[in-house]
Amino acid sequence: HQTSLLHDDQLDMATPLRGQPTHTTRCGNPTAILLGDYLMAQALKRITQLQDYALMPLMAATAEAMSEGELLQLEQIQHLDTTEEAYLTIIYKKTAYLLGTCCAVGAMAAGATQKQVTRMQLGGEQFGLAFQLRDDWLDYSTVEVGKPLGKDLQEGKCTLPLIYALQQASPQRRQSLVHMLKHQRHTLAAQEEIKHFVRQSAGREY
């Protein structure tokens, strides 16, 4: 989890997050990347020391899913044609899968039955989806709560509030907004117009 956070800061070029400076901000990109790699190596080493080889496929699948989720998100940023289905796939892979694994591993360590492990994993995935939905919802809030407002918008991420709002727009309005997202999203005026449009179109309520 710590590895994913360190590498995520690189992808997002994160400045202080949730009121705290990121490791990238404090130590720079090379140190943060190498520390993330080191933590991943430590995690794999400890799993090997446990000699619980049922964990290895789960950890490998989790790392794979998270990487796929981030790659899918980068692809969607380039095209700005994210559908609701694609968005849900992205947040499942990049966030929910990890939370499901965390809950499953905890259950396995406690000696749970396979049925209990599966239920815990599914519960963790649902929690992960809820967390990411709420985090993306906060981007269009009017009051900053733990994360800079409009950060996803600046990065060109089409999250659910924006996806829904664009679906409600006329073809001409949609074309205008997509042009802003592609070419003007770093300007304050464009950000404010898009955020106002999302709120006006009930994107946050959806």
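The values are calculated or read from the model by the stated rules, or taken from the named source; none is laboratory data. Since this is a predicted model, take the numbers as computed values, not measurements. FYI the Cβ positions are ideal-geometry reconstructions off the backbone, even for glycines, and counts take in every protein chain you see. Heavy atoms of the whole protein, side chains included, go into the accessibility calculation; ligands, DNA and RNA do not. Shrake-Rupley method; radii C 1.70, N 1.55, O 1.52, S 1.80 Å.
Pairs are defined by a Cβ separation below 7 Å, a sequence spacing of at least 6 or placement on different chains, a first member in segment 142-160 that is open to solvent by less than 30 Å² (accessible area, probe 1.4 Å), and a second member that is modelled with pLDDT under 70 and not charged (D, E, K, R); the pairs so defined are 147/17. Would a scan of segment 119-128 turn up a residue that is assigned to a helix (DSSP H, G or I), charged (D, E, K, R), open to solvent by 50 Å² or more (accessible area, probe 1.4 Å) and within 19 Å of residue 86 (Cβ to Cβ)? Taking every residue of segment 119-128 in turn, none turns out to be assigned to a helix (DSSP H, G or I), charged (D, E, K, R), open to solvent by 50 Å² or more (accessible area, probe 1.4 Å) and within 19 Å of residue 86 (Cβ to Cβ). Here is a check on your reading of the model: is residue 135 surrounded by fewer than 18 Cβ atoms within 10 Å (Cβ to Cβ) and within 24 Å of residue 84 (Cβ to Cβ)? Here the answer is yes, as residue 135 does meet what is asked. Contact map, segment 162-175: residues that are assigned to a loop (DSSP other than H, G, I, E, B) paired with residues that are open to solvent by less than 80 Å² (accessible area, probe 1.4 Å) and not β-branched (Val, Ile, Thr), Cβ distance under 8 Å, separation 6+ or inter-chain. Pairs shown: 169/177; 169/197; 169/201.
Considering segment 84-94, the residues that are over 14 Å from residue 4 (Cβ atoms) and charged (D, E, K, R) include one that is most open to solvent (accessible area, probe 1.4 Å), namely 85. Among the residues of segment 180-198, just one is in a loop (DSSP other than H, G, I, E, B) and open to solvent by 100 Å² or more (accessible area, probe 1.4 Å), namely 186.
Go through the residues of segment 64-83 one by one and say whether even a single one is open to solvent by less than 60 Å² (accessible area, probe 1.4 Å) and not in a helix (DSSP H, G or I). So far as segment 64-83 goes, yes, one or more of its residues are open to solvent by less than 60 Å² (accessible area, probe 1.4 Å) and not in a helix (DSSP H, G or I). Within segment 151-161, the set of residues being in a helix (DSSP H, G or I) and not polar (S, T, N, Q) comprises 151, 152, 153, 160, 161. Confirm whether residue 165 is farther than 30 Å from residue 40 by Cβ, open to solvent by less than 10 Å² (accessible area, probe 1.4 Å) and small (Gly, Ala, Ser). Judged against the criteria, residue 165 is a match.
A count restricted to segment 163-176 and to residues that are in contact with a Phe, Trp or Tyr (Cβ under 8 Å, 6 or more places away or on another chain) and under 16 Å from residue 76 (Cα atoms) stands at 2.
In segment 75-91, the residues that are within 17 Å of residue 129 (Cβ to Cβ) form Cβ pairs under 8 Å with partners that are outside any helix (DSSP H, G or I), at six or more places apart or across chains, as follows: 82/158; 87/158; 87/159; 90/82. Being at pLDDT 90 or above, of a type in the set (S, T, N, Q) and under 12 Å from the mean Cα position of the chain (by Cα) is a property that residue 62 lacks. Only one of the listed residues (88, 98) is in contact with a His (Cβ under 8 Å, 6 or more places away or on another chain) and of a type in the set (A, V, I, L, M, F, W, C). That residue is 98.
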